[in-house]
Every structure is written in C-alpha cells, then in structure tokens.
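Visitor: Below is one structure. I have some questions about it.
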Amino acid sequence: MPHEAISVFDMFKIGVGPSSSHTLGPWRAALRCIDSMKQKSSLQQVVSVNALLYGSLAKTGKGHGTDIAVILGLSGDDPVTIPVDSITPKINSIGTEKKIKLGNETVIDFDPTVHVQFLFNETLPFHPNGLSFLIECGNGDSWSETFYSIGGGFVVKEGEDGNKKSLVDLPFPINTADELLHWCMKTGLSVSEVVMENETAWRSEAETKNGLLNIWNTMKDCIYRGCHAQGELPGGLHVRRRAFDLNRKLLSNKQYGDYSSWLASIRQGGINFGYILDWVSCFALAVNEENASFGRVVTAPTNGAAGVIPAVLQYYIAFCDGNSEEKIIRFLLTASEIGSIFKKGATISAAMGGCQAEIGVSSAMAAAALTECLGGTQKQTLMAAEIAMEHHLGLTCDPIGGLVQIPCIERNTMGAIKAITASQLALQSTPDFAKVSLDKVIKTMWETALDMNSKYKETADGGLAIHIPISLPEC
C-alpha cells in the first residue's frame, strides 16, 4: 500500500513565530519562488514581484505576520538562522525605502502596501491558505506561481504531487495507528524504536540523534527566554507577558545564572501538585509568548501549538527524572510519529480543522511521548494519544484580531495539562478494554473538521474573535 514518508524533522521544524501555516509556510513558499526565479531566468532579470494572499492567509495575515514572512522570504532570509532581533528593523527599512534586495542579490522596487495584497473575499479551491506570486522580467517574460501552506510549515506548489518527494522506502511503512501497532507487536520494538529505524532511510542514527538534540535545545532556549522576558506582546491587543511574573513568583527570588541552575532551582521547590501545575503552565506560556513576539520556536507540530510538547517534555525533565539525552530523544521520536499519523489521516492545519488540529494534535503527541517515556506499553502509548485528542474534538480556532495570542497562548497550557492527564489515565488503564481507538478518533476529528463552519477555522470571523471589542487598525 502506498504510504507517505514523514520524517521527525518534517514534524519538528525550527523557525520564527507566530504561525507555522501563516508565517513559516508563506516564508518557505517565498524562498521556493526565489529558487524558481533563478531556474527560469536570473534574479537580475526580475523587475517586479507581487504577492497575493488568499482566504485565511488574507483574513488573519496581518495578525500572523504573513506579509512580513513573505517579504523576508523574498529577501532570501532563512527562518532557521535569521537573527530575530533584525526582523523589525529590516521590515521597517523596506517599507521606508520602497526597495527590496531580492534573494539577497538584486535590488528592485517594492512597496509592501502595494506589492503584498490581501484578497479577503477570495479563496483558492485546494486549501484556505493559498498565495500566488506574480513575476515580471525586464525582457518581457512574466509568469505566476501558486503555493499552499497546508499546516505545520508544510508547503505544496500548485501542480506538483505533494507526497512525491517524501516517498522513500521505509523499513516500517506507516499510515495509521493500527499499522504502527502492527510493527511494534511484530518486532517487539517500542514506538520510538520503530521511528528511529525509519529515520535511517534518510540519515544515520547519530545524525538523527544530533538533530533531535538541536530541536530540544531550541525548545529549551525558547522556554528559558520566555520565562525571563517582560513587557507587552506586539500587535495592539496589549497582552502582558505572564511567564516572567509566574517564574519569579514560583522561584521566590532564588539565584541562578543559566538553564541548568534554573532547573535545579525549580526542583528544589518540591513536588506539590499545585506547584507542578503552575510550572507546566509557565513553560507553555513562555514558549507561546515568544512565538507571539516573532521569536525562534519549533513547530510542534505547528507554531500556534508550539508550547505543548516543550512544556510536557520540560515537566518530564524537571519532575520525572527525564533529564538525559536518550530519554529526550525517545520522547521526541514518539511524539513525531503520532503527529505524522494525524497529518496523514486528518490535518494539522487550523485553517482546515480548527484548533483541534493544532492544540489537539500537539496534546496527543505529548501524551503519547510521555506515556512511553514513563514506561507505558505500545498500546498504552497510543491510548494516551487517543484520550488527549478525544477531549479536544471540535475545538475551534477563533484568534482575536487574527493574532496568535488570545485564546491561543492559554490553550497551550490546557493542552499540556490534558496531555499529562491523558498519559496518567492510559498508564492506569488496560487498553484492550478501550472503546475508542486512535484511528477512530482521527477519523472523527477529520469528519468534525469537514463539518465545522469556516468562520471557526482561523479566519477571525467567528467565536471569541467577534465577541471581544477591540480596535486593531492593522488587522
């Protein structure tokens, strides 16, 4: 049976907030468009580029920084390496000078207010997150290219087979949870071990481990930064950062100088239930406050849900004896496989499925990973993922002002707590008696997504987005 091969590094991508589908995806689409220009002629021949944003990308594009992402992509900047402190000055400079250095090679006229267009009332048929680039050259040639940002930073170009490039021969081909369980039962391997075997189709085990530790270090740095940053989040909602105050309150003025000493200080506070609960919330708040501030985050599996997995992993490290490289690697491998199964069977795009596709999927990923790492069986691991998603079914995406702040940031705290609860339930249960399987809940999630009104799918046309009085002229 044909299968889509998705690597752990497809599910976990390093990038810039606030949205994987509305920021990272369009950014990567613009970079691909630059590559296409180089192949068809040369950047020196290009005299004009227009970017057209459709559907959800238009409706919440300002709040998600879609225009900024497109401009940075056209400039040739890499979302993985760009110094995040340079983003605002660069965008301001382009807006003032009305010039852009295309692909970091050639300067052309470019007015962001003219050359990036928000087509609020137009949606392309393939996916709500569509964008087109119109290119004109000095020799009279012109063409257009259309891309779709399908969630989690994944991008598909119109006319191409979205799965073609990812089809490789895996030792254990997997499309569904049942197929994953089949391989686990047949081989006796854990979920993470099956995933590691599959990753060898792309690279050596050592390379995979090093890459995953880099993913964790990015997550860890994001948590630490977010816990030590003050002020308001950008965008006009005047949302105050809360992780800083909560971190300071929980530590009661303890002294530390880096992540390791900070972690030691956290552990000194004991294992009181309320204390641990506050820290899980603090970890998640920290990540998503960084995400909302155009900080460097990891899609897990999306930016809007980027705080859930780091928060649960940090909980495992701080309170469950998970502070070892091998345990962290095992956690991330397990989480990634659950996310890939959701992507294949449903969606990880809020524009397609509402917030159940982001917070719900991330909570399921975290629940499964924690369960395996705490000694759960393969069946308990999948059961934990099912429980977490079952209690996110129908969750809408209704960002106020189109910003990834309210209710998005708090939803990450709830997703993390639900993941831990789901894990504990699974560990204390016998999966053979479960009435709902992970595949059934994925199918239900997708059917729910299809039935959900479009105003609840990251358009800011319904829910909290229309019931909270605000004034955001830029949105």
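Only the coordinates and a few stated rules stand behind these numbers; no lab work does. These numbers come from a predicted model, not from an experiment. Here the Cβ positions follow ideal geometry from the backbone for every residue, glycine too, while neighbour counts run over all protein chains shown.
Visitor: What fraction, in whole percent, of alpha-carbon pairs in segment 67-126 exceed 18 Å separation?
Guide: 37 percent
Visitor: Where the centroid of each part is defined by its Cα atoms, how far is segment 315-347 from segment 56-99 in Å?
Guide: Centre-to-centre distance over Cα atoms comes out at 31 Å.
Visitor: Rg and Dmax of segment 368-426, Cα atoms, in Å?
Guide: Final numbers for Rg and Dmax: 13.6, 43 Å.
Visitor: If I take the Cα coordinates of segment 362-475 and project them onto the principal axes, what are the three extents in Å, biggest first?
Guide: 53, 27, 16
Visitor: How are the Cα pair distances of segment 8-163 distributed, in percent, across 10 Å bins from 0?
Guide: 11, 44, 37, 8, 0
Visitor: Continuing with this model, one more query. What value does segment 99-258 have for Rg/Rh, both radii from Cα atoms and Rh as Kirkwood defines it?
Guide: 1.08
Visitor: I would also like to ask the following. Between the DSSP loop rule and a limit of at most 15 other Cβ atoms within 10 Å, which GluC sites (Glu not before Pro) in segment 380-475 are left?
Guide: Counting only loop positions with at most 15 other Cβ atoms within 10 Å, the GluC sites (Glu not before Pro) in segment 380-475 are 474.
Visitor: Residue by residue through segment 245-261, which ³J(HN,Hα) values in whole Hz follow from phi under the Karplus form 6.51 cos²θ - 1.76 cosθ + 1.60 (θ = phi - 60°), with glycine and proline marked x?
Guide: 5, 5, 4, 5, 5, 5, 8, 6, 6, 5, 9, 7, x, 7, 4, 4, 6
Visitor: Determine the calculated [θ] at 222 nm for the chain from helices alone, applying -39500 (n - 2.57) to every DSSP H run no shorter than 4 residues and normalising by the residue count; nearest 500 deg cm²/dmol.
Guide: -15000 deg cm²/dmol
Visitor: Viscosity 1.567 mPa s, temperature 4 °C: give me the Stokes-Einstein translational D for segment 55-94 in µm²/s, with Rh taken as the Kirkwood radius over C-alpha pairs.
Guide: Translational diffusion coefficient: 121 µm²/s.
Visitor: Give the angle, between 0 and 90 degrees and rounded to the nearest 10, that separates the Cα long axis of helix 408-427 from the longest principal axis of the Cα atoms of the chain.
Guide: So the inclination is approximately 30 degrees.
Visitor: What are the ³J(HN,Hα) values, in whole Hz, obtained from phi via the Karplus relation 6.51 cos²θ - 1.76 cosθ + 1.60 with θ = phi - 60°, for each residue of segment 3-11 in sequence order, with x given for Gly and Pro?
Guide: Result, ordered by residue: 9, 8, 8, 10, 7, 4, 7, 7, 6 Hz.
Visitor: What Kirkwood Rh does segment 220-358 have if only Cα atoms enter the pairwise 1/r average? Answer in Å.
Guide: 16.0 Å
Visitor: Here's another thing I want to ask about it. Give the average over all directions of the projected area of the C-alpha convex hull of segment 171-275, one decimal, in nm².
Guide: Over every viewing direction, the Cα hull of segment 171-275 projects on average to 11.3 nm².
Visitor: Still on this structure: Hey, got a sec? Which trypsin sites (Lys or Arg not before Pro) in segment 349-422 land in a DSSP loop and have at most 11 other Cβ atoms within 10 Å?
Guide: Of the trypsin sites (Lys or Arg not before Pro), not one in the loops of segment 349-422 has a Cβ with at most 11 other Cβ atoms within 10 Å.
Visitor: Looking at the chain, send over the antiparallel percent of its DSSP beta bridges, to the nearest 5.
Guide: Beta bridges within the chain, antiparallel portion: roughly 85 percent.
Visitor: Please compute the Kirkwood hydrodynamic radius over the chain, one decimal place, Å, based on all pairs of different Cα atoms.
Guide: Computed over Cα pairs of the chain, the Kirkwood hydrodynamic radius comes out at 22.5 Å.
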